[in-house]
Amino acid sequence: MSLEIKPDQSVLVLIDHQDGVVRQIKTASEADVRRAVLALAKAANILKLPVVISSSMEDGLTGRIFSELAEALPEAYERRIKRPGLVNAWHQPEFKRAIEKIGRKQVIMAGLTADVCLVFAATSMAEAGYQVHAVMDATGAWSDISEEMARRRMEKAGVVLTAAVSVIAEAIYDFSTPTGAALQELMIKDLVSTIAIPPLSVVKNLVAKALTPDS
């Protein structure tokens, strides 16, 4: 199976994007994680992707699923798989049944945290024969070393590491189509435009200074 994102073969899986969890990560900002996962949700709506959301112990310290995610994907949110204690979502029978019922083998996955709920579910599903694309800017971990070990474990299991911009850009396929245009607008508005780019005049001045010999 090609590693190329193919929307008609893909399912979006979002695991434990919960208020209490995101506030504990140290390797990414809460705002960046929320922005990336919301962009994935919007892209899923445009592409009409099936979506599976899972949460862990919502009544405890992990808290509720992001409100903006629930608003963007109301049907998937209502059907979310609530795990009462299992760490690995793939071990939850209801989660596995939901994935198997959809019947798609390419999984675009994001989850919190990278070093717990993402890595375990991603590697388990890869070992079960799914092609898993882990979106690494829609996650974070407790420490740099913990996230690095999770990345290595996922790659060793055959998981494709990617980012929200890459997923959406690959799904665009053709800018000239209505879907492609809508995805391009989403990518630029919600992701690319959030990157701080200096004005052209500043860049020109820096280049001029760099090319000017020292007096």
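The values are calculated or read from the model by the stated rules, or taken from the named source; none is laboratory data. Here the structure is a predicted model, which is why all the values come from computation and not from measurement. A quick note on method: Cβ atoms are made from the backbone with ideal geometry, for glycine too, and the neighbour counts reach across all protein chains shown.
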>> For the stretch 111-120, check the following and say yes or no: at least one residue is over 20 Å from residue 24 (Cα atoms) and out of contact with any strand residue (DSSP E or B) (no Cβ under 8 Å at 6 or more places or on another chain).
In response: no
> Looking at this structure, is residue 101 touching a helix residue (DSSP H, G or I) at 6+ places or on another chain (Cβ under 9 Å), at pLDDT 95 or above and of a type in the set (Lys, Arg)?
Replying inline: no
>> Of everything in the stretch 49-95, what is closer than 20 Å to residue 35 by Cβ and among the charged types (D, E, K, R)? Give them in sequence order.
In response: 64, 68, 71
> Which of the following residues is free of Cβ contacts under 8 Å to residues at least 12 places away in the same chain and over 30 Å from residue 177 (Cα atoms): 58, 100?
Replying inline: 100
>> Suppose we filter 176, 124 for residues that are free of Cβ contacts under 8 Å to residues at least 24 places away in the same chain and of a type in the set (Ser, Thr, Tyr); which single one remains?
In response: 176
>> Within the stretch 138-155, take every residue that is over 17 Å from residue 34 (Cα atoms) and of a type in the set (A, V, I, L, M) and give me the one that is surrounded by the fewest Cβ atoms within 10 Å (Cβ to Cβ).
In response: 145
> Taking into account only those residues within the stretch 28-61 that are closer than 22 Å to residue 147 by Cα, of a type outside the set (Ser, Thr, Tyr) and touching a Gly at 6+ places or on another chain (Cβ under 9 Å), which is surrounded by the most Cβ atoms within 10 Å (Cβ to Cβ)?
Replying inline: 33
